[in-house]
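See structure below.
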Amino acid sequence: MPPSPTQVYVGTGSSVKRPHRQFKADDVQERSQFKFQNLEAEQVTELQSEIAALKRELLELKQEKADLEILLEATAEHSDSVEAELHNTAIAALKQSEEMFRTIAEATPVPVLISRVGDGTVLYANMAASTTFGIPSEDFLNHSTLEFYHDPSDRQRLLDALECDGCVESFELQCKRADGSLFWVAASLRRLGFPLGLEADIADFIAHTQINLNPGDGIVLYTDGITEARNLQKDCYALERLCETVQRYWHLSAKEVQHAVIQDVQQFIGEQDVNDDLTLLVLKQK
């Protein structure tokens, strides 16, 4: 069987050459393999560059994290330091305030008591209170203000007045000492701790009298917050102006007189701060 044309070998002597078509196929294969190897090398180089860049970025992130941890630690330490400093400052201010209060209270010649509203437990008593009630100062905290009222209902009336008006001024009542003896006092109460100021004996400067009022007569009771009210020029409203204002509006009803006087006081004060209570009671006999 004659050989196929693609299988014919051409040569001279002992040398034999492969067909030209086979040579070209091998050459293309080798070139393709070479190009593939070159392409693979470029990709490897590019990947290596990317890996190196990622490593650098990772190192930078680690450094930033370390810096942030140091910053956060320093901030936390600073915050703890500031908090501790503020706490110490508040404690020092509280101690100073307590010392100042005790100094003033102990120097006050009238009894000063601080007690709980619920059960009347005494929380503080100055030396004047100890002397007035005949109870040693070291034993006062074992007592309750309930023990000091001759008429127990007076305490509830005091608390009712405090709830209604926010404060109580010169409330007259009888108290009793540790030995059972009675004495009159003028009690004043305030919210926020309920300090109780007592005048040991008010019998020498109080009196009771009876007055008959004819139609058109009246009574005006006031606190010194009205007569001592000051304007921006530091002038007092004074008793004279109070009397003039009452006389000017006396033809009106008691409520209208009261309103007119308070309005006149407020107009006199102007923008000046009010540092005392303005209390006025007007009674008229019909």
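The values are calculated or read from the model by the stated rules, or taken from the named source; none is laboratory data. Bear in mind the structure is a predicted one, so any value in this text is a computation, not a measurement. Note that we place each Cβ from the backbone using ideal geometry, even for glycine, and neighbour counts take in every protein chain shown.
Checking T223 against (1) within 37 Å of the chain's Cα centre (by Cα); (2) modelled with pLDDT under 85; (3) within 26 Å of P111 (Cβ to Cβ), only one condition comes out false. Which one?
Going through (1) within 37 Å of the chain's Cα centre (by Cα); (2) modelled with pLDDT under 85; (3) within 26 Å of P111 (Cβ to Cβ) one by one, T223 breaks only (2).
Going by the structure shown, is A161 modelled with pLDDT under 85, of a type in the set (A, V, I, L, M, F, W, C) and either more than 30 Å from I114 (Cβ to Cβ) or in contact with a helix residue (DSSP H, G or I) (Cβ under 6 Å, 6 or more places away or on another chain) (or both)?
no
Can you find, within the range 148-167, the residue that is surrounded by the fewest Cβ atoms within 10 Å (Cβ to Cβ) among those that are among the aliphatic types (A, V, I, L, M) and closer than 27 Å to P136 by Cα?
Selected residue: L159.
Inside the range 233-262, can you point out the residues that are loosely packed, with under 15 Cβ neighbours inside 10 Å, polar (S, T, N, Q) and not in a loop (DSSP other than H, G, I, E, B)?
Result: Q247, single match.
Based on what the data block shows, is H208 at pLDDT below 85, more than 30 Å from A125 (Cα to Cα) and not hydrophobic (A, V, I, L, M, F, W, C)?
So H208 passes the test.
Collect the residues in the range 272-286 that are in a loop (DSSP other than H, G, I, E, B), surrounded by fewer than 13 Cβ atoms within 10 Å (Cβ to Cβ) and over 28 Å from the mean Cα position of the chain (by Cα), keeping them in residue-number order.
Q285, K286 - these are the residues of the range 272-286 that are in a loop (DSSP other than H, G, I, E, B), surrounded by fewer than 13 Cβ atoms within 10 Å (Cβ to Cβ) and over 28 Å from the mean Cα position of the chain (by Cα).
Might you let me know whether the range 117-132 holds any residue that is free of Cβ contacts under 8 Å to residues at least 12 places away in the same chain and within 24 Å of T223 (Cβ to Cβ)?
Looking for residues that are free of Cβ contacts under 8 Å to residues at least 12 places away in the same chain and within 24 Å of T223 (Cβ to Cβ), one finds none in the range 117-132, hence no.
Modelled with pLDDT under 70, surrounded by 10 or more Cβ atoms within 10 Å (Cβ to Cβ) and either more than 43 Å from the chain's Cα centre (by Cα) or of a type in the set (D, E, K, R) (or both): is that true of Q48 in this structure?
Criteria not met by Q48.
Which residue pairs have Cβ atoms closer than 7 Å, lie 6 or more positions apart in sequence or on different chains, and pair a first residue in the range 264-284 that is closer than 15 Å to R248 by Cβ with a second residue that is in a loop (DSSP other than H, G, I, E, B)?
As it stands, the answer is V265/A229; V265/Y237; V265/L278; F268/A229; F268/N231; F268/Y237, since those pairs meet every condition given.
Go through (1) at positive phi; (2) in contact (Cβ under 8 Å) with a residue 12 or more places away in the chain; (3) part of a loop (DSSP other than H, G, I, E, B) for P109 and report which single condition fails.
Just one mismatch for P109, condition (1).
Does the range 169-176 include one or more residues that are free of Cβ contacts under 8 Å to residues at least 24 places away in the same chain and in a strand (DSSP E or B)? If you could, list the steps in order and put the result at the bottom.
Quick first cut of the range 169-176, residues free of Cβ contacts under 8 Å to residues at least 24 places away in the same chain only: 170-171.
Those left that are additionally in a strand (DSSP E or B): 170-171.
Scanning the range 169-176 turns up at least one residue that is free of Cβ contacts under 8 Å to residues at least 24 places away in the same chain and in a strand (DSSP E or B).
How many residues are in a helix (DSSP H, G or I) and surrounded by 16 or more Cβ atoms within 10 Å (Cβ to Cβ) when one looks only at the range 128-147?
7
Looking only at the range 234-286, count every residue that is in contact with an Asp or Glu (Cβ under 6 Å, 6 or more places away or on another chain) and hydrophobic (A, V, I, L, M, F, W, C) and tell me the total.
At the first step, the residues of the range 234-286 found to be in contact with an Asp or Glu (Cβ under 6 Å, 6 or more places away or on another chain) are 236, 245, 285.
With the extra rule that they be hydrophobic (A, V, I, L, M, F, W, C), the set shrinks to 236.
Total satisfying the criteria: 1.
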